[in-house]
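To start, the structure under review is shown below, and the notes come after it.
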Amino acid sequence: MVSIQTALAAFKRSPLLSALSITTIAFSLFAFGLFGLVALNIRDALQRVEERVEIRAFVADGTPIEQITAASDEIAKYPEVLKVEIVTQDQALARARKELGEFSDVFDGQFLPSSLDVKLKAGFRDPKTVRKVVDRVKGYDFVDDVRYGEEWIAQLYRLRNIAGAAGIALGLAFAAVAIIIIGATIRMAVLARSREISIMRLVGATDGFIRRPFLIEGSIKGVLGGLLALVLTYLAMRVLDQYLHFQTAFFDRRLATLGVVFGALMGLLGSAVSVGRHLRRV
Amino acid sequence: MVRFQKVTKIYPRAAGGAAALRDVTFGVAKGEFVFLTGPSGAGKSTILKLLYMDERPSSGEVRVSGFSSRDVKRREIPELRRKLGIIFQDFQLLEDRTAEGNVAFALEVIGTPKSAIPNKVSRALTQVGLASKARAYPGELSGGEQQRVAFARALVNDPFVLIADEPTGNLDERATRGIFQLLREVNAAGTAVLMATHNLELVRSSDYRCIELNHGEIVFDSAEVPAISVEMD
Ligand SMILES: Nc1ncnc2c1ncn2[C@@H]1O[C@H](COP(=O)(O)OP(=O)(O)OP(=O)(O)O)[C@@H](O)[C@H]1O
Ligand SMILES: [Mg+2]
């Protein structure tokens with residue numbers, strides 16, 4: 001109780017410094033949040049695109065339907081496979097006509113090969129797994145050709161990996177900056193109270209007692225910074241939505257809470273480091 | 001109760017690795033009054049810092065009321081400090097707290113129950129003769145009065161040793177005599193007093209034990225007649 005009062009008194013004593021430190025934490029977390037939002041949306045987009053990853057095995061003309069059905073059943077049992085669809089020549093033609101709309105004349109009098117369209121389960125849509133399934137499907141004699149947009153999938157994944165790595169690197173960098181900033185502000189608070197601290201030590205206050213209000217102060221600042229960052233991120237997203245017509249997803253409740261908790265932890269860590277350093281020295 | 005055994009102290013950042021204390025051995029008995037004298041830089045403050053374990057000896061051992069510098073843990077030191085009262089030349093008061101606020105501070109930060117604080121504070125302020133100025137801030141008090149506040153803060157936890165590092169260094173003659181009188185009273189009530197001072201007049205005016213230091217060594221101890229007659233408990 002006394003610790004909380006002391007921590008709050010610190011806000012009252014130096015409102016400007018407190019506001020400054022909260023804002024800097026908020027901005028660090030805001031940058032973090034914006035990047036997180038981008039990463040989140042890239043991930044969502046990838047997921048949507050991934051769902052369309054499909055292997056299409058073209059079947060040689062004149063293959064008996066029983067053989068195709070048997071193969072289809074076999075392929076459907078692969079652990080990676082979500083479902084297999086048999087597309088007959090007529091269906092292929094109808095689909096092509098529909099997809100091409102006004103250019104559908106092109107297909108007049110033509111015939112398209114029938115095919116087996118294979119969809120993979122989520123988590124098995126990476127290039128390596130796709131290639132493995134393709135190789136197995138190619139093993140059927142009657143399969144003429146297999147298309148699966150290899151390069152396209154590989155590129156998608158490369159993009160995702162880069163985004164992920166950049167996210168982690170930037171996230172860590174921002175977190176480090178935030179911790180250093182909060183450490184510096186707590187350090188100022190510690191120095192402002194160094195006389196008080198030395199008297200406390202003299203009369204027998206424990207390190208834990210001396211540390212506590214600063215840790216609380218740091219955590220409160222972290223939480224406030226986190227909340228502010230959340231608001232800023234939300235506003236930024238709205239602006240992006242409005243002017244760029246992005247269809248962006250915002251953090252769900254769990255992620256938002258995680259962000260605030262993360263802010264609190266940064267505040268705690270930053271203040272613990274700087275108080276600890278001060279106490280160890282004196 | 002207090003025992004220095006062959007204590008040598010070399011500060012890590014001391015110029016040329018010079019020893020601030022060299023082979024210092026002495027004891028302070030329960031309820032004893034001891035002056036520490038000697039020229040500036042002789043090592044008086046160093047002895048007191050070793051006593052309240054703000055510093056550790058480079059070699060030798062300091063024992064204070066069952067705590068030994070050899071094996072005391074950092075987290076045990078607050079426990080020791082709560083049994084000591086410490087006052088300095090520069091009072092070390094908090095400017096934004098009143099006299100009673102400063103005294104109460106020493107109780108608050110060691111977790112004394114809130115209800116017990118006002119009584120203890122007013123008793124300590126009365127003891128140092130400052131009850132009427134309880135609500136005054138340090139800036140509104142004379143040097144002698146400020147030292148009395150520091151005194152009350154040191155006494156409020158009923159210490160068994162009062163450590164005073166040149167408590168009268170900043171005071172005029174009258175205030176000095178007032179503070180010294182307080183020290184005598186506290187000592188008469190059973191608290192041991194260890195006082196570092198440059199004021200030889202004070203030392204001569206009383207027949208308390210006097211340890212004189214020079215260049216980190218004890219050059220005179222009035223109790224040293226013929227051998228160490230005071231021992232630790
Ligand atoms: N933290 C420190 N680091 C390095 N050297 C120190 C430190 N504190 C004291 N000293 C040195 O130790 C020696 C003894 O210092 P100390 O403060 O004990 O003297 P003193 O007798 O209290 O002097 P004064 O009468 O001026 O207060 C001095 O030479 C001083 O320079
Ligand atoms: Mg000194």
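A straight line joining the Cα centroids of region A:219-233 and region B:11-51 runs 52 Å.
In chain B, the calculated helix contribution to ellipticity at 222 nm averages -8500 deg cm²/dmol per residue, counting -39,500 (n - 2.57) for every DSSP H run with n ≥ 4. What residues from region A:53-69 fall in the zone where the backbone N is under 13 Å from a label point 7 Å along the Cα-to-C-beta line of A:GLU85? Taking a point 7 Å out along Cα→Cβ of A:GLU85, the residues of region A:53-69 whose backbone N falls under 13 Å are A:53-57.
Count Lys and Arg as plus one, Asp and Glu as minus one, and take only other residues whose Cβ is under 10 Å from that of B:VAL193; the net charge is then 0.
Electrostatic bookkeeping for B:ARG97 treats Lys and Arg as +1 and Asp and Glu as -1; over the other residues with beta carbon under 14 Å from its beta carbon, the sum is 0. As a calculated quantity, the FRET efficiency between A:LYS12 and A:ARG136 at R0 = 45 Å, using C-beta atoms, amounts to about 0.05. Distant-in-sequence amide contacts of B:VAL193, defined by a placed amide H-H separation under 5 Å and a gap of 5 or more residues or a different chain, comprise B:GLU32, B:PHE33, B:VAL34, B:LEU162.
If you plug the beta carbon distance of B:ASP158 and A:ALA165 into 1/(1 + (r/R0)^6) with R0 = 56 Å, you get a FRET efficiency near 0.30. Volume per residue for region B:32-132 equals 158 cubic angstrom (convex hull of Cα atoms). In region A:54-147, how does Rg compare with the Kirkwood Rh, expressed as the Rg/Rh ratio over alpha carbon atoms? My calculation puts Rg/Rh at 1.00. Enclosing the Cα atoms of region A:177-282 in their convex hull gives a volume equal to 91 cubic angstrom per residue. The heavy atoms of A:THR257 present about 80 square angstrom of accessible area, all protein chains included, probe 1.4 Å. Listed values for region B:113-119 are Karplus-derived 3J(HN,Hα) couplings in whole Hz (6.51 cos²θ - 1.76 cosθ + 1.60, θ = phi - 60°), namely x, 3, 5, 7, 5, x, 4, and x replaces Gly and Pro. Taking the inverse of the mean 1/r over every pair of distinct Cα atoms in region A:1-95 gives a Kirkwood hydrodynamic radius of 19.7 Å.
Normalising the average separation of contacting C-alpha pairs (under 8 angstrom, six or more residues apart) by the number of residues puts the relative contact order of chain A at 30 percent. Net charge in the neighbourhood of A:ALA249 (other residues with Cβ under 14 Å of its Cβ; Lys, Arg +1, Asp, Glu -1) is +2. Among the listed pairs B:LYS9/B:LYS49; A:LYS77/A:LYS132; A:LYS77/A:LYS98; B:LYS9/B:LYS44; A:LYS12/B:LYS133, a Cα-Cα separation exceeding 19 Å is found for A:LYS77/A:LYS98; A:LYS12/B:LYS133. With protein chains left intact and a 1.4 Å probe, residues in chain A average 56 Å² of accessible area per residue.
Scalar couplings 3J(HN,Hα) for region A:193-203, obtained by applying the Karplus form with A = 6.51, B = -1.76, C = 1.60 to θ = phi - 60°, are 10, 5, 5, 4, 5, 5, 5, 4, 5, 4, 8 Hz; x denotes Gly and Pro.
For B:LEU213, the residues 5 or more places off, or on other chains, whose built amide H falls under 5 Å of its own are B:THR37, B:GLY38, B:VAL219.
Along its three principal directions, the equivalent ellipsoid of region B:1-72 from the Cα gyration tensor extends over semi-axes of 20, 15, 9 Å, largest first. Within region B:61-90, the residues that become at least 40 Å² less accessible when every protein chain is included than when their own chain is isolated (1.4 Å probe; DNA, RNA and ligands ignored) are B:ARG74, B:PRO78, B:ARG81. Accessible surface of B:THR98, taken over heavy atoms with a 1.4 Å probe and every protein chain present, rounds to 30 Å². Ordered from largest to smallest accessible area (heavy atoms of protein chains, 1.4 Å probe), the residues B:ARG209, A:ARG56 come out as A:ARG56, B:ARG209. Largest first and in whole Å, the equivalent-ellipsoid semi-axes of chain B read 29, 20, 17, each the square root of five times a Cα gyration tensor eigenvalue. Treating r as the C-beta distance of A:LYS128 and A:ARG95 and R0 as 35 Å, the FRET efficiency rounds to 0.75. When a 1.4 Å probe is rolled over the protein heavy atoms, the share of accessible surface on region A:196-282 that falls to carbon and sulfur comes to 67 percent.
The mean sequence distance of close C-alpha pairs (under 8 Å, at least 6 residues apart), as a share of the length of region B:1-44, puts its relative contact order at 38 percent. One quarter of the convex hull surface built on the alpha carbon atoms of region B:101-233 amounts to 10.0 nm², the projected area averaged over directions. For the pair B:GLU79 and A:ARG147, label points projected 7 Å from Cα toward Cβ lie 8.1 nm apart. Burial of accessible area (probe 1.4 Å, heavy atoms of protein chains only) in region A:181-219, relative to its chain alone, reaches at least 40 Å² for A:ARG195, A:GLU196, A:ILE199, A:ARG201, A:LEU202, A:VAL203, A:GLY204, A:PHE209. Per residue, the solvent-accessible area of region B:122-233 (1.4 Å probe, heavy atoms of protein chains only, all protein chains present) comes to 49 Å². The modelled label-to-label distance between A:ILE180 and A:ARG52, using points 7 Å beyond Cα along the C-beta direction, is 4.4 nm. Take the accessible area of chain B alone and of chain A alone, subtract that of the pair, and you get about 1600 Å² summed over both chains, using a 1.4 Å probe. Here the simple spin-label model places points 7 Å from the Cα toward Cβ, and for B:ASP71 and B:SER58 these points are separated by 2.6 nm. Starting from one equal scatterer on each C-alpha and no solvent at all, send me the Debye-based log10 I(q)/I(0) for chain A at q = 0.09, 0.13 Å⁻¹, two decimals. So the normalised log intensities work out to -0.64, -0.91. Computed with a 1.4 Å probe over protein heavy atoms only, the accessible area of B:SER205 comes to about 80 Å². The shape of the protein assembly as shown can be summarised by an equivalent ellipsoid whose semi-axes, obtained from the alpha carbon gyration tensor, come to 82, 26, 17 Å from longest to shortest. Expressed to the nearest 5 percent, the antiparallel share of DSSP beta bridges inside the protein assembly as shown is 65 percent. Using only side-chain charges placed at the Cβ, +1 for Lys and Arg and -1 for Asp and Glu, the dipole size of the protein assembly as shown relative to its Cα centre rounds to 1580 debye. Across region A:113-124, coupling constants 3J(HN,Hα) worked out from phi with the 6.51/-1.76/1.60 Karplus curve, θ = phi - 60°, read x, 6, 8, 10, 9, 10, 9, 9, 6, 4, x, 10 Hz, and Gly and Pro carry x.
The values are calculated or read from the model by the stated rules, or taken from the named source; none is laboratory data. Model, not experiment: these values are computed from the prediction. Note: ideal-geometry Cβ built from the backbone for every residue, glycine included; neighbour counts use all protein chains shown. Protein only, heavy atoms only, side chains kept; ligands, DNA and RNA dropped before computing areas. Shrake-Rupley method; radii C 1.70, N 1.55, O 1.52, S 1.80 Å.
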